[in-house]
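Quick notes on the structure that follows.
The numbers here are math on the coordinates, done by the rules we state, and not lab data. Note that this is a predicted model, so its numbers are computed, not measured. Backbone-built Cβ (ideal geometry, glycine too); neighbour counts: all protein chains shown.
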Amino acid sequence: MKRNNIVDKIQERDLKQLWEIDREVLNNKAEYEEIEKNYKELKENKDIYALGYYIEDNLVGAMMLYIITLPSGREATIWDLAVKEECRRMGIATKLMNKAEEIARSYDDISRIWLFSGFHRTGAHELYRKLEYDENRDKAFIKVIKK
């Protein structure tokens, strides 16, 4: 079945396209084999969603939604939202975000979504503000412990 103009779960056959998007948009230097390994692990976890947006069965946008359990309860986090440059300004990122929110709302015990984004991704930040994400509520600090 051909996927066209829809958000769907990323399947194993889409990993090469996901790898290309990650390299192009997120500057991810991971080897393809690492993407394959990660996919196999996340496929087994019902609280991780690899979502993609498809045009004529081609993956043109992707994101990760994680449902995590903290001492304070369960929450949702969005990571690695990326849309191919030639497909931007078509509402794809908004559709991916809306789907992630829909999934998070389906969990009765989740009341908020965390979103992580690099400081340099100012265009994406405009979208997040438009979708009513509060950038002034919390601050994340990151320390690299392995290179």
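Some notes on this structure:
- Qualifying chymotrypsin sites (Phe, Trp or Tyr not before Pro) for the stretch 31-138 [loop in DSSP, other Cβ within 10 Å: at most 10]: Phe119
- In terms of packing, defined here as the mean over residues of other Cβ atoms within 10 angstrom, the peptides 19-25, 58-64 line up highest first as 58-64, 19-25.
- GluC sites (Glu not before Pro) within the stretch 72-147, DSSP loop, no more than 10 other Cβ atoms inside 10 Å: Glu132
- Nearest-20 debye value, the chain charge dipole, Cβ charges on Lys, Arg, Asp, Glu: 240 debye
- Most simply put, the chain has about 90% antiparallel DSSP beta bridges, counting only bridges with both residues inside it.
- For the chain, relative contact order (Cα pairs under 8 Å, six or more residues apart, normalised by length) works out to 20 percent.
- Under 17 Å from a label point set 7 Å out along the Cα-to-Cβ vector of Lys2, the amide N atoms of the stretch 60-85 belong to 60.
- Gyration tensor analysis over the Cα atoms of the stretch 1-63 returns equivalent ellipsoid semi-axes of 18, 15, 10 Å (largest first, whole Å).
- The stretch between Thr94 and Glu56, if pulled fully straight at 0.36 nm per residue, gains 11.8 nm over its current Cα-Cα span.
- Set the Cα radius of gyration of the stretch 6-130 against 2.2 N^0.38 Å, with N its number of residues, and you get 1.03.
- FRET E, pair Lys9, Lys29, Förster distance 30 Å, beta-carbon r, rounded to 0.05: 0.75
- Here the spin labels are modelled as points 7 Å beyond Cα on the Cα-Cβ line, and at Glu36 and Ser106 they lie 2.9 nm apart.
- When each full DSSP H helix of the chain is screened for a Cα extent of at least 18 Å along its own axis and an average Kyte-Doolittle hydropathy of at least -0.5, the helices passing are 92-105.
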